[in-house]
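Computed from the coordinates by the stated procedures, all read-outs in this text should not be read as laboratory data. This is a predicted model, so every value here is computed, not measured. Note that each Cβ is placed from the backbone with ideal geometry, even for glycine, and that neighbours are counted across all protein chains shown.
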Amino acid sequence: MSLISITFVVFFITTSAIYLNLPQRFQNPFLLLSSFVFYAFSAPSYLMVLVATIILNFYAAILLERTNKQRTKKFLLVVSIITNLLILVFFKYYNFFGESVRPLVEALGLNFTKSNWAAPLGISYYTLMIIGYFIDIYRGEVESQKGFDGFFVFALYVSFFPQILAGPINRAKKMIPQFLVRHTFNYGRAVEGMQRILVGALKKIVLGDGIGVITNVVFSNLGSSENGYYGPILIISQGLFVIRMFADFSGYSDIAVGTAKILGIEMMENFNAPYFSLSFGEFWRRWHISLASWFRDYLYIPLGGNRKGKIKKYFNVMVVYFVCGLWHEPSWNFVLWGISLGLIVVLEDCLSRKNSQPVLLSGIKDKITKTLKRFYTAACFYITLLFASTKDINDFIYFMKNCFRNIRTDVFKNQLLDLSSNKISISKLYMVIFWGGLVLSLIIVFCFEYKIYKSGNAGCIDYNPISSVKKRSRWGLYFVMGLIIFFFILITGSSESAPIYQGF
């Protein structure tokens with residue numbers, strides 16, 4: 001079950017109606033049961049893995065907190081972290097590491113057998129949350145949950161259904177206190193939640209899934225002698241993929257945050273207008289915030305951060321981005337993606353002045369400078385994201401070899417017609433609605449993102465830009481957004497689609 005599905009709408013209406021009217025002592029058990037039901041619909045075969053992980057870590061955290069000797073406490077922390085990482089590696093990285101060392105294994109006269117299992121949904125996300133919980137307990141920043149009620153609270157922290165499949169990667173010190181109080185229906189909060197869900201649905205269904213109709217066809221045929229695309233169509237498709245990645249994941253995050261808000265739970269934000277960033281380093285402070293801040297607090301700073309000189313700082317940065325790439329997906333494409341991100345951030349820092357802006361772009365008038373810096377940042381993301389849009393190194397090489405091949409108007413027109421008429425099987429009328437809806441949605445989302453960016457500059461980020469629209473205009477905006485979403489569900493059949501990041 002995805003947050004983008006008719007099944008989820010029925011599930012959520014039922015869950016919220018019951019949950020918000022229950023006495024406090026029944027709210028957490030019911031919400032936990034609902035979260036397990038949600039997960040069972042999505043990944044029934046791995047529900048027991050999730051439950052076993054919760055039970056194991058619940059008692060391990062209590063043991064860690066009760067240990068007085070610092071050396072023993074540190075040992076238990078390391079064991080807890082390694083145990084959770086081993087579970088993650090076993091399910092997610094077994095084939096990747098096995099294939100990587102296959103030549104060595106075979107040279108020793110041994111055989112490597114690939115596994116047929118898929119990684120449990122959400123394991124990359126809830127593993128980081130559990131590790132963060134242990135580290136916070138070790139640092140004395142949170143107390144371990146104890147007893148019968150404490151088990152429900154900890155289990156909810158790990159498996160709360162809006163976050164379990166694709167984040168945000170929430171923190172214990174923010175989430176746990178919210179599960180210790182009763183939540184009732186609040187009209188203002190419900191309206192804000194529904195507004196976030198509407199914005200998220202526009203991003204996810206229209207821009208994410210709509211653009212995906214095009215990019216999936218192009219990138220699934222890379223290297224094909226018969227159906228492979230080349231020239232400008234590749235360059236444009238990669239640009240669309242850049243938009244799609246943001247719309248798909250930030251849209252899903254909006255829906256998750258809005259859903260939790262209706263239930264009275266405030267979760268971490270994941271995006272803060274990243275495409276308005278003036279540097280690549282700033283971009284990664286605004287993109288997937290819950291993951292970036294997790295790596296900063298639990299990996300980069302413990303490694304030494306920037307406290308031990310430039311060389312050590314750059315080494316730490318490269319370690320973080322390498323791990324970040326590998327966290328996303330067990331493939332060499334994503335390893336190279338993470339390394340490329342780290343190299344750009346390091347290079348940018350080397351070339352920057354004290355104001356932390358790229359020296360290559362400084363010294364121009366302010367508005368032009370900012371525009372150039374945004375183009376530079378977008379270009380860096382465009383290029384590095386090639387490792388994510390292509391499924392393997394061979395496809396990446398094909399793209400690089402063929403993106404400037406046969407740059408002629410007639411060739412581009414023929415490929416575009418082929419893509420539109422043969423690969424995307426919708427009528428001409430629907431094609432007009434399709435492109436019109438994409439453009440209009442892009443304008444609406446751009447305006448929303450600009451409002452978020454400007455509110456951040458004012459010192460108080462408003463992640464819900466609809467709330468600033470006048471009430472008379474707001475209903476018209478609701479109607480337009482809802483109509484576009486409805487048409488795109490009809491055209492693309494995206495009412496049951498999972499986000500790209502659910503696969504990470």
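Before moving on, here are some points about what is shown:
- Scanning residues 5 or more positions from residue 352 or on other chains, those with amide H under 5 Å from its amide H are 359, with H placed 1.01 Å from N in the peptide plane.
- Sparse-neighbourhood loop sites, trypsin sites (Lys or Arg not before Pro) in the stretch 432-478 - DSSP loop, at most 10 other Cβ within 10 angstrom: 470
- The chain: relative contact order as a whole-number percent, Cα under 8 Å and 6+ apart: 19
- Each of the peptides 116-127, 370-381 was scored by the mean count of other Cβ atoms within 10 Å over its residues; in descending order, highest first, they stand as 116-127, 370-381.
- Evaluating kT/(6 pi eta Rh) at 25 °C and 0.890 mPa s, with the Kirkwood radius of the stretch 22-183 over Cα pairs in the Stokes-Einstein relation, gives 143 µm² s⁻¹.
- Residue (of 347, 36, 407) at the positive-pole extreme of the chain, dipole from beta-carbon charges: 347
- For residue 443 and residue 473, the FRET efficiency from 1/(1 + (r/R0)^6), where r spans their Cβ atoms and R0 equals 22 Å, is about 0.90.
- Within the set [x] 73, 64, 53; [y] 71, 51, 47; [z] 70, 58, 39, the number that Cα extents along the principal axes in Å takes when calculated for this structure is listed as [x].
- Entry note, the chain: the mean residue ellipticity at 222 nm calculated from DSSP H runs of n ≥ 4, each adding -39500 (n - 2.57), is -21000 deg cm²/dmol after division by the residues and rounding to the nearest 500.
- Each label was represented as a point 7 Å from its Cα along the Cα-to-Cβ direction; for residue 139 and residue 100 these points are 2.8 nm apart.
- Cα shape, the stretch 111-152, gyration tensor, a/c 1.5 rule: prolate
- Along the chain, the longest continuous region that contains none of the GluC sites (Glu not before Pro) in a DSSP loop with at most 15 other C-beta atoms within 10 Å is 267-495.
- Each label was represented as a point 7 Å from its Cα along the Cα-to-Cβ direction; for residue 406 and residue 10 these points are 4.8 nm apart.
- Distance violations [Cα-Cα > 19 Å] among 203/367; 204/391; 261/454; 146/173; 373/454; 174/204: 203/367; 204/391; 261/454; 174/204
- Extension gain, residue 379 to residue 319, is 19.3 nm, computed as 0.36 nm per intervening residue step minus the present C-alpha separation.
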